[in-house]
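Visitor: Structure in structure tokens, see below.
The values are calculated or read from the model by the stated rules, or taken from the named source; none is laboratory data. The shown structure was predicted, so the numbers you read here are calculated from the model rather than taken from an experiment. Ideal geometry is used to build each Cβ from the backbone, glycine not excepted, and the neighbour counts take in all protein chains shown. Heads up: the accessible areas ignore ligands, DNA and RNA and are worked out on the full protein's heavy atoms, side chains in. Shrake-Rupley method; radii C 1.70, N 1.55, O 1.52, S 1.80 Å.
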Amino acid sequence: MQTKIGIIGGSGVYDIDGLENRDWVTVETPWGMPSDDLLTGTLDGIDMVFLPRHGRGHVQTPSTVNYRANIAALKMLGVTDVFSVSACGSFREDMAPGDFVIVDQFIDRTFAREKSFFGPGLVAHVSVAHPTCSRLMDAAEAAARATGTTVHRGGTYLAMEGPQFSSMAESHLYRQWGCDVIGMTNMPEAKLAREAELCYASIAMITDYDSWHPDHGAVEISDIIRTLHGNSAKARETVAGLPAQLGPDRAPCPCGCDTALEFAIMTAPEKRDPLMVERLRTIAARVLS
């Protein structure tokens, strides 16, 4: 199998530098349209697909992003490995604005989003005990460190619904829970990637300390934007380094991400809704054939 890298770009990251044979393609999925057309091309000989999570021009809120369509579109284009790049706030003094965190755990506090491809007529339960792929984490960490960015390997991401930021009380609560960063978009994205048997890694770019920090009130929006722009430049450099880390030939995932549905489907074959089966072939053909 050949490597095909998918990048889901968040705030400030809307393109891939150095991409050759560029083509914006429209993909319609059984779950509707993704956030935008997808940019395809090659980088250092590796096929890549880029999807602006909020749409070009940032037209989708964290709650209105069609996460199912986004993941399905990447799967339909043959992507094997997905890297999420997104802005976040920090709960830790040592995780400072401008740093990157290679997330390995999530706490999902979202409530207004569709979180599964499966449902009545075809029920499945996948494990998300380890929601990110260690192989992709290795690649993301190495590529980010090569840019000179301060990188923290491992961290728990609190996914909030938004679009408002946290109250101070919430921020202190999440710190007590052991969370490291907070954002609005990595859930249900990571869960859906697991259901689609796609390897997934999250690169969280810290723009500010959350409202728990005593100096939070003194932070100007211009400072956050300046940090966001700096992070975006480093993120594009990081993305440019991913093909060299992964290489063109892809072996089976050592974490089992690409076989996550092996024992997940619970509905007996004779009880499965034919319409659901047909719809789900888009992301689960391997186990529905």
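Visitor: I'm a student and want to see the number: the projected area of the Cα convex hull of the stretch 108-205, averaged over all directions, in nm². Walk me through the numbers before you get to the answer.
Guide: Working: hull surface 30.2 nm².
With the hull built on Cα positions only, its mean projection is 7.5 nm².
Visitor: Please give the helix 274-288 orientation as an angle from the longest Cα principal axis of the chain, in degrees from 0 to 90, rounded to the nearest 10.
Guide: Around 70 degrees separate the two axes.
Visitor: Shifting gears a bit: Percent of accessible area on the stretch 1-100 owned by carbon and sulfur, 1.4 Å probe? Show your work: numbers first, answer last.
Guide: Working: 1620 of 3520 Å².
Whole-percent figure for carbon plus sulfur exposure: 46.
Visitor: Another one. Tell me the net charge near Lys191. Cut-off is 12 Å between Cβ atoms, Lys191 excluded, with +1 for each Lys or Arg and -1 for each Asp or Glu. Numbers along the way, then the final one.
Guide: Values: positive: Arg68, Arg113, Lys115, Arg194; negative: Asp108, Glu114, Glu189, Glu195.
Net charge around Lys191: 0.
Visitor: I've got another one for you. Along each of its three principal axes, how wide is the spread of alpha-carbon positions in the chain, in whole angstrom units, largest first?
Guide: Extents along the principal axes, in whole Å: 61, 43, 34.
Visitor: From the alpha carbon gyration tensor of the stretch 205-248, can you work out the equivalent ellipsoid semi-axes (sqrt of 5 times each eigenvalue) and give them in Å, largest to smallest?
Guide: Working: eigenvalues 192, 25, 4 Å².
Semi-axes (√(5λ), whole Å): 31, 11, 4.
Visitor: Given the -39500 (n - 2.57) contribution per DSSP H run of 4+ residues, what per-residue ellipticity at 222 nm results for the chain, rounded to the nearest 500 deg cm²/dmol?
Guide: Values: 6 runs with 79 residues, N = 289.
Mean residue ellipticity, 222 nm, calculated: -8500 deg cm²/dmol.
Visitor: Could you state how much accessible area Arg92 has, in square angstrom rounded to the nearest 10, with a 1.4 Å probe and all protein chains kept in place?
Guide: Answer for Arg92: close to 50 Å² accessible.
Visitor: Can you tell me the FRET efficiency between Ile107 and Asp44 if r is taken as the Cβ-Cβ distance and R0 is 30 Å, rounded to the nearest 0.05? Walk me through the numbers before you get to the answer.
Guide: Working: r = 36 Å, r/R0 = 1.19.
Plugging the Cβ-Cβ distance into 1/(1 + (r/R0)^6) gives 0.25.
Visitor: By how many nm would the segment from His229 to Val277 grow when fully extended, if each residue of separation counts as 0.36 nm and the alpha-carbon distance is taken off? Display every interim value, and only then the final one.
Guide: Numbers: separation 48, 0.36 × 48 = 17.28 nm, distance 4.36 nm.
Here the answer is 12.9 nm.
Visitor: Determine Rg/Rh for the stretch 1-41; Rg is computed over alpha-carbon atoms and Rh is the Kirkwood hydrodynamic estimate from the same atoms. Can you show the working numbers first?
Guide: Values: Rg = 11.6 Å, Rh = 11.9 Å.
Rg/Rh for the stretch 1-41 comes to 0.98.
Visitor: Related question: Once amide H atoms are placed 1.01 Å from N in the peptide plane, what residues at a sequence separation of 5 or more from Ser202, or on another chain, have their amide H within under 5 Å of its amide H?
Guide: Ser84, Val103
Visitor: Another one. Taking only the alpha carbons of the stretch 233-289, what extent do you get along each of the three principal axes, in Å, biggest first?
Guide: Over the stretch 233-289, Cα extents along the principal axes are 50, 24, 17 Å.
Visitor: Just the Cα atoms of the stretch 1-144: what Rg and Dmax do they give in Å?
Guide: When restricted to Cα atoms, the stretch 1-144 yields Rg and Dmax of 15.9, 48 Å.
Visitor: Quick one: if you stick a label point 7 Å off each Cα along the C-beta vector at Phe165 and Trp177, how many nm between them?
Guide: In this crude label model, Phe165 to Trp177 measures out at 1.9 nm.
Visitor: Taking Cα atoms, how many degrees apart are the long axis of helix 221-246 and the longest axis of the chain, rounded to 10 and kept between 0 and 90?
Guide: Long axis of 221-246 versus the principal axis of the chain: about 40 degrees.
Visitor: Calculate how steeply helix 67-76 sits against the longest principal axis of the alpha-carbon atoms of the chain, using the helix alpha-carbon long axis, and give the answer as 0 to 90 degrees to the nearest 10.
Guide: Here the helix axis deviates by roughly 60 degrees.
Visitor: With only alpha-carbon pairs counted, each pair once and no self-pairs, how large is the Kirkwood hydrodynamic radius of the stretch 150-289 in angstroms?
Guide: Numbers: mean 1/r = 0.0536 Å⁻¹.
After inverting the mean inverse Cα-Cα distance, the result is 18.7 Å.
Visitor: Could you give the length gained by full extension between Ala142 and Leu77, i.e. 0.36 nm per residue of separation minus their alpha carbon distance, to one decimal place? Working shown, then result.
Guide: Working: separation 65, 0.36 × 65 = 23.40 nm, distance 2.62 nm.
Value of the extension gain: 20.8 nm.
Visitor: A further question follows. Describe numerically, in nm with one decimal, the distance between label points set 7 Å from Cα along Cα→Cβ at Arg56 and at Asp15.
Guide: A separation of 0.9 nm, rounded to one decimal place.
Visitor: Could you give the spread of the C-alpha atoms of the stretch 176-222 along their three principal axes, from largest to smallest, in whole angstroms?
Guide: Over the stretch 176-222, Cα extents along the principal axes are 43, 28, 13 Å.
Visitor: At Ser134 and Glu114, where each label point lies 7 Å from the Cα along Cα→Cβ, what is the point-to-point distance in nanometres?
Guide: Label at Ser134, label at Glu114, 3.5 nm between them.
Visitor: May I ask you to give the average projected area over all directions of the convex hull of the Cα atoms of the stretch 1-73, in nm² rounded to one decimal?
Guide: Values: hull surface 20.4 nm².
In nm², the orientation-averaged hull projection of the stretch 1-73 is 5.1.
Visitor: Expressed as cubic angstrom per residue, what is the convex hull volume of the alpha carbon set of the stretch 64-143? Before the final figure, lay out each step's value.
Guide: Details: hull volume 12.2 nm³, N = 80.
In the stretch 64-143, the Cα convex hull volume per residue is 152 Å³.
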